[in-house]
């Protein structure tokens, strides 16, 4: 049988063992590089089964050989409407619950200032940071509801804080309109979703990972991806909060 281009199928033997496992299950988007790859590695080391959402077949191949019993990559572009179908069909055949969803996929833009704001860039950044997170959540929600301690973490940014941008705590010239607007929209999604899912016992957080050294980082980035990943997972495993915007130390940030 030819493997569909959207995803890597687990063989039936692995599928049976993974679907019946008592191990916690995590889904990480943007799992091929940067914080996403560090999150995948950290979760694997902590005994999770990790479903890594990536964009290329080469990333699928690399991640699958990493740990075939515990790491299951899916080729899926979160900007595409097919994301919901692909992810849901995978979960239906392979997994009986999702304990942790980390919406991490993202990238920056190039047009600084209002005069250089490009609508195509704004649309592209929103499609990943906001629409992609919504698609993944909608696909995973039935499985999150089957977990006893489900949590959704949306990787946000201090540049998505309306208060900090308006007061100048984060400089408006340091990042683009597109990135700030997309992260602010993601924060609203977090707040709205947390209110809706509170009675289901599903926690929802926006988390600022800090000044992490990634390909879109600013020049003052001083945190290694592995360090940020450890802090994010520690937070996911320890917090009782929902519907809040936190840094990795668990301190509340203003919306």
(request) Give the angle, between 0 and 90 degrees and rounded to the nearest 10, that separates the Cα long axis of helix 225-238 from the longest principal axis of the Cα atoms of the chain. (result) 70
(request) Quick one: angle between helix 177-197 and the longest Cα principal axis of the chain, in degrees between 0 and 90, rounded to 10, please. (result) 50
(request) Obtain the nm distance between the two label points defined at residue 124 and residue 192 by a simple spin-label model: each point lies 7 Å from its Cα along the Cα-to-C-beta direction. (result) 2.5
(request) Normalise the Debye intensity by I(0) for the chain, one equal point scatterer per Cα, no solvent, then take log10 at q = 0.14 Å⁻¹ and round to two decimals. (result) -0.90
(request) Extending each Cα 7 Å along its Cβ direction at residue 69 and residue 46, get the distance between those two points in nm, one decimal. (result) 2.1
(message) How far apart, in nanometres, would the label points at residue 57 and residue 138 be if each is projected 7 angstrom from Cα along the Cα-to-Cβ direction?
(response) 2.9
(message) Can you tell me the length gained on complete extension of the stretch residue 23 to residue 163, counting 0.36 nm per residue apart and subtracting the Cα distance?
(response) 46.4 nm
(message) Can you give me the Kirkwood hydrodynamic radius for segment 119-216, using every pair of distinct Cα atoms, in Å to one decimal?
(response) 14.4
(message) What is the angle, in °, between the Cα long axis of helix 57-66 and the longest principal axis of the Cα atoms in the chain? Nearest 10 is fine, range 0 to 90.
(response) 60
(message) Taking the number of other C-beta atoms within 10 Å as the exposure measure, put 123, 115 in order starting with the fewest.
(response) 115, 123
(request) With a ≥ b ≥ c taken as the square roots of the eigenvalues of the C-alpha gyration tensor of segment 86-174, please select rounded if a/c is under 1.5 and otherwise prolate if a/b is larger than b/c or oblate if it is not? (result) oblate
(request) Return the calculated 222 nm mean residue ellipticity for the chain, to the nearest 500 deg cm²/dmol, obtained by summing -39500 (n - 2.57) across DSSP H runs with n ≥ 4 and dividing by the residue count. (result) -12500 deg cm²/dmol
(request) Rank the residues 92, 241 as a footprinting-exposure proxy: fewest other Cβ atoms within 10 Å of their Cβ go first. (result) 92, 241
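Rule-based calculations on the coordinates, nothing more; no lab input. This is a predicted model, so every value here is computed, not measured. All Cβ positions, glycine included, derive from the backbone under ideal geometry; neighbour counts span all protein chains shown.
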